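J.: Here you go, one structure.
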Amino acid sequence: MSAPEDEERLLLLTQRWPRASKFLLSGCAATVAELATFPLDLTKTRLQMQGEAALARLGDSAKESAPYRGMVRTALGIIQEEGFLKLWQGVTPAIYRHVVYSGGRMVTYEHLREVVFGKSEDKHYPLWKSVIGGMMAGVIGQFLANPTDLVKVQMQMEGKRKLEGKPLRFRGVHHAFAKILAEGGIRGLWAGWIPNIQRAALVNMGDLTTYDTVKHYLVLNTPLEDNIMTHGLSSLCSGLVASILGTPADVIKSRIMNQPRDKQGRGLLYKSSTDCLIQAVQGEGFMSLYKGFLPSWLRMTPWSLVFWLTYEKIREMSGVNPF
């Protein structure tokens with residue numbers, strides 16, 4: 001088949017199944033971004049678990065070993081004690097998660113923007129509509145992806161459990177899914193879903209809303225065109241805002257997902273996201289909610305940059321209108 005015929009066939013696919021095409025394209029862009037920045041996500045998760053005050057209730061057997069100090073020493077500690085490749089421990093469920101999550105949120109946001117809310121005649125999209133759309137897109141995308149996020153968080157902590165002399169919980173990704181399902185049933189796969197969608201709503205309010213607003217402001221009000229420069233500036237802004245809004249909810253989400261559970265699948269440390277929030281602030285101080293902020297920001301910014309540049313480019317190559 002010739003190149004023009006291939007191009008025509010691709011255009012027909014994106015026109016016949018626009019939402020499915022956008023889902024797949026965003027999943028591809030998210031996979032590239034996730035592979036490039038995953039070590040920072042692992043470092044962030046390890047930092048968020050350090051000094052967890054609620055662990056004292058479980059006795060001496062639950063006490064952690066001497067914590068790493070800071071982002072760089074945490075990353076170096078993982079490399080020295082567990083091996084370089086352990087910086088990507090949990091990347092498989094992370095990719096699964098982002099294919100579902102990013103695909104769901106992007107399709108939802110664009111549907112809300114183009115069909116439900118609609119733009120004005122001058123292509124202006126009010127900020128309040130973008131905020132609502134971003135939060136709703138985050139909630140839907142994250143709810144669908146919660147099982148993969150749960151497995152990712154728990155597998156990221158496996159190396160630390162080994163160093164502390166605790167038995168490993170999982171042999172691999174599929175064993176993790178099967179074990180969680182066997183112990184907690186279908187509901188067990190959605191453990192921590194409430195703080196998870198709370199975080200996703202805040203992160204997407206920062207990411208989608210900021211990117212969309214900044215990009216179209218630059219295009220409509222400055223000499224900049226809809227090109228890589230505009231995409232880059234918009235993604236840098238979105239990564240910063242998403243990190244500031246999302247880090248506290250991310251800390252709560254990670255702790256709830258990683259906490260030990262009883263035979264009924266109920267958490268032994270926290271009753272709810274509110275309980276986790278109160279215990280963290282009372283036991284560790286308000287700034288404990290921003291543990292892991294630096295790697296989170298350093299990850300979110302390049303993640304947003306890689307994702308949005310890749311996403312905009314593959315949309316262009318596939319004949320789909322710019323975001």
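J.: Does the range 98-145 hold any residues that are touching a residue at least 24 places away in the same chain (Cβ under 8 Å), over 12 Å from Leu208 (Cβ atoms) and of a type in the set (S, T, N, Q), and which are they?
T.: Gln142
J.: Consider Ala242 carefully, then state whether it is among the hydrophobic types (A, V, I, L, M, F, W, C), closer than 30 Å to Ala182 by Cβ, open to solvent by less than 40 Å² (accessible area, probe 1.4 Å) and not in a loop (DSSP other than H, G, I, E, B).
T.: no
J.: When you go through Glu183, Glu164 one by one, which is the residue that is touching a Gly at 6+ places or on another chain (Cβ under 7 Å) and open to solvent by 30 Å² or more (accessible area, probe 1.4 Å)?
T.: Sole residue among the options that is touching a Gly at 6+ places or on another chain (Cβ under 7 Å) and open to solvent by 30 Å² or more (accessible area, probe 1.4 Å): Glu183.
J.: Taking interchain pairs and intrachain pairs at least six residues apart, which have beta carbon atoms under 7 angstrom, with the first residue in the range 148-175 and closer than 24 Å to Ser102 by Cα and the second of a type in the set (Ser, Thr, Tyr)?
T.: That search, which allows pairs on different chains as well, returns Thr148/Tyr96; Val153/Thr45; Val153/Ser254; Gln156/Thr45; Val173/Thr92.
J.: Tell me which helices (runs of 4 or more DSSP H) are completely within the range 81-171 and hold 3 or more residues being closer than 19 Å to Asp207 by Cα and more than 17 Å from the chain's Cα centre (by Cα), or say none if there are none.
T.: 127-156
J.: Same structure again: Return a yes/no flag: does the range 206-213 have any residue that is at pLDDT 90 or above, among the aliphatic types (A, V, I, L, M) and open to solvent by less than 10 Å² (accessible area, probe 1.4 Å).
T.: There is at least one residue in the range 206-213 that is at pLDDT 90 or above, among the aliphatic types (A, V, I, L, M) and open to solvent by less than 10 Å² (accessible area, probe 1.4 Å).
J.: How many residues does the range 259-285 hold that are open to solvent by 40 Å² or more (accessible area, probe 1.4 Å) and over 14 Å from Glu52 (Cα atoms)?
T.: 8
J.: If the requirement is being in contact with a helix residue (DSSP H, G or I) (Cβ under 7 Å, 6 or more places away or on another chain) and either modelled with pLDDT of 90 or more or surrounded by fewer than 22 Cβ atoms within 10 Å (Cβ to Cβ) (or both), which of these qualifies: Ser296, Ser235?
T.: Result of the check over Ser296, Ser235: Ser235.
J.: Follow-up question, since we're still on this one. Find all pairs meeting these conditions: Cβ atoms under 8 angstrom apart; at least six residues apart or on different chains; first residue within the range 9-24 and closer than 12 Å to Val99 by Cα and at pLDDT 70 or above; second residue part of a helix (DSSP H, G or I) and not β-branched (Val, Ile, Thr).
T.: Taking only residues 6 or more apart or on different chains, the pairs are Lys22/Gly103; Lys22/Met106; Lys22/Glu110; Lys22/Arg315; Phe23/Gly103; Phe23/Gly104; Phe23/Met106; Leu24/Gly103.
The values are calculated or read from the model by the stated rules, or taken from the named source; none is laboratory data. Computed from a prediction, not measured in an experiment: that's the story for all the values here. Every residue, glycine among them, receives a Cβ derived from its backbone with ideal geometry; neighbour counts consider all protein chains shown. Note: accessible area is taken over every heavy atom of the protein model, side chains too, but ligands, DNA and RNA are not part of it. Shrake-Rupley method; radii C 1.70, N 1.55, O 1.52, S 1.80 Å.
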